Amino acid sequence: MATSSAVRSVFMGPRLRRLRRDLGLTQADMAADLDISAPYVALLERNQRPVTADMLLRLARTYKIDLADLAGDGGADHTARMQAVLKEPMFADIDIPPLEITDIAIGYPGLAEAFLRLYTAYREEQLALADRTAPGLTPSAGKSRKGSADVSDPVAEVRRFLAARKNNFADLDDAAERILQGPADTNWFIERLRERHKLRVRHLPPDVMLGSVRRLDLHRKEVLFDDSLDTASFNFQLAQQLAYLEFEDEITAALKAGHFSSKSGKLLAHRSLASYAAAALIMPYSAFAKAAETRSYDLEALARQFGTSFEQTAHRITTLQRPGSEKVPFFLIRVDPAGNISKLLDGAGFPFAKHGGACPLWSVHGVFKTPRQIVTQWLELPDGQQFFSIARTVTAGGGSYGAARVERAIAIGCAAEHAGKLIYTQDDAGRREKPTPIGVACRVCHRPTCAARSELPIGRELLPDDYRRLSVPFGFSSD
């Protein structure tokens, strides 16, 4: 228990009131227990008096509760989250001093939590509306038989769930850091499973695993792993199994805040959160965020430091949006050689197409010609927005002769205004290359001179080519 010198006076009226009611006490009862007056208890509960260090210790001793749980974080988490939300453009014309935000977060934590939940629900609904009204879908055609655009598309549900929260789940990060005593390596995970859960780790050949890379055998008290997994993949599977065993409460709480119209969507979100927790164990938020800034977001250097794969590192770097300690916001996309998108995380405001593939002029489609090499590119959208992109191929599967391998390409990127913080732009000595003009998707891109175009833009009529054939696949008027 902390000493009184380590505890500061705080205003914690609502928490004190909840504690009293949970204990079934009146203000007079609590006053008698603490040897103070009932009016003083009332003043404390109305935040008209601070709870001193001596009073915190008295509360902890009298009611046998942990001092840290009683003092809490002084509303720091709610304050940071509210400050992040209130930076949104929709609140730009409202002048709310930081002190008022802190007062609300500390004095009325229930109201603060209600505001944050309401805002997150609003964000999810806005993203759902964008999906339903995406080009190529009429409002009626976008709805399924049950009235939702995503009943038959659980992947879209999960992408929206993650995007509404900027792909950050601070409760999972906090839970991971609480159980870590230092860097978590393979031996730490194996010992944690053995000591805390009485589970032994075994490696078996792929033909014995029958298509599984990990399997929990509760009857034999074993966790079985495919012995062809590389070190980064093995560590991730260890961490994910541990997340399923120890983070279920945090994962369930996060899922309750989401809105899923399908069982598959909820199951996919559950898997995504378990993967998030696994990454939080391997790459703890505070240590990883500090290293990312120190190394100027050098993905390969970070991967070596934390013993992770390039893709694991790239995915984790998109999650560094913890309220109060936000870093450079990144987006991520993963595609296969056919252009199919298998992973999409938007934390940087990039307007990904809701349907179809990405622009073929983006280097993420060309890096298959230069395997394992990082390719950088400045991008400019038709509306003038500029981004900086880092693309490279990654390999999944393999591990033994004849084992199937899947080659994919991933790209992460950020808004041009943040690109100067990345090591990939520092060799240019501040010089920016001419950006590649790309579109979100051909159907919504109105660039008339694009030779890579595969579809006619929505709302444009094709020009006849009886007398003049343009060099581009589709000629259309520019007005």
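No value in this document is a laboratory result; all are computed from the given coordinates. Values in this document were obtained by computation on a predicted structure and should not be read as measured data. When we count neighbours, we look across all protein chains shown, and the Cβ atoms used for this are built from the backbone with ideal geometry, even at glycine.
Here are the numbers for the structure shown:
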quantity	calculated
Gain upon complete extension [PHE368, ASP54; 0.36 nm per residue less C-alpha separation]	106.5 nm
Phi-based couplings in Hz for the range 460-468 (Karplus 6.51, -1.76, 1.60; Gly and Pro marked x)	10, 8, 5, 7, x, 10, 4, 10, 8
Nearest-ten-degree value, helix 154-164 long axis tilted from longest Cα axis of the chain	60
Rg(Cα) / (2.2 N^0.38 Å) computed for the chain, rounded to two decimals	1.15
Burial order of peptide ranges 418-425, 97-104 (average beta-carbon count within 10 Å, highest first)	418-425, 97-104
Filter on LYS87/LYS327; LYS198/LYS266; LYS290/LYS421; LYS290/LYS327; LYS290/LYS343; LYS221/LYS263 - keep pairs with C-alpha separation over 18 Å	LYS198/LYS266; LYS290/LYS343; LYS221/LYS263
Per-peptide average of other Cβ atoms within 10 Å, ordering 19-32, 161-174, 340-353 highest first	161-174, 340-353, 19-32
C-alpha center-to-center spacing [the range 358-426, the range 226-294] in angstrom	23
Among beta bridges that DSSP assigns inside the chain, antiparallel share in %, nearest 5	80
Using alpha-carbon coordinates, inclination of helix 76-85 to the longest axis of the chain, degrees	30
14 Å Cα-Cα reach of LYS64 towards aspartates and glutamates, excluding residues that sit fewer than 8 places from it in its own chain	ASP22, ASP33
Relative contact order (%) - criterion: Cα under 8 Å, at least six apart; region: the chain	10
Helix-only CD estimate at 222 nm, as mean residue ellipticity for the chain, using -39500 (n - 2.57) per DSSP H run (n ≥ 4)	-12000 deg cm²/dmol
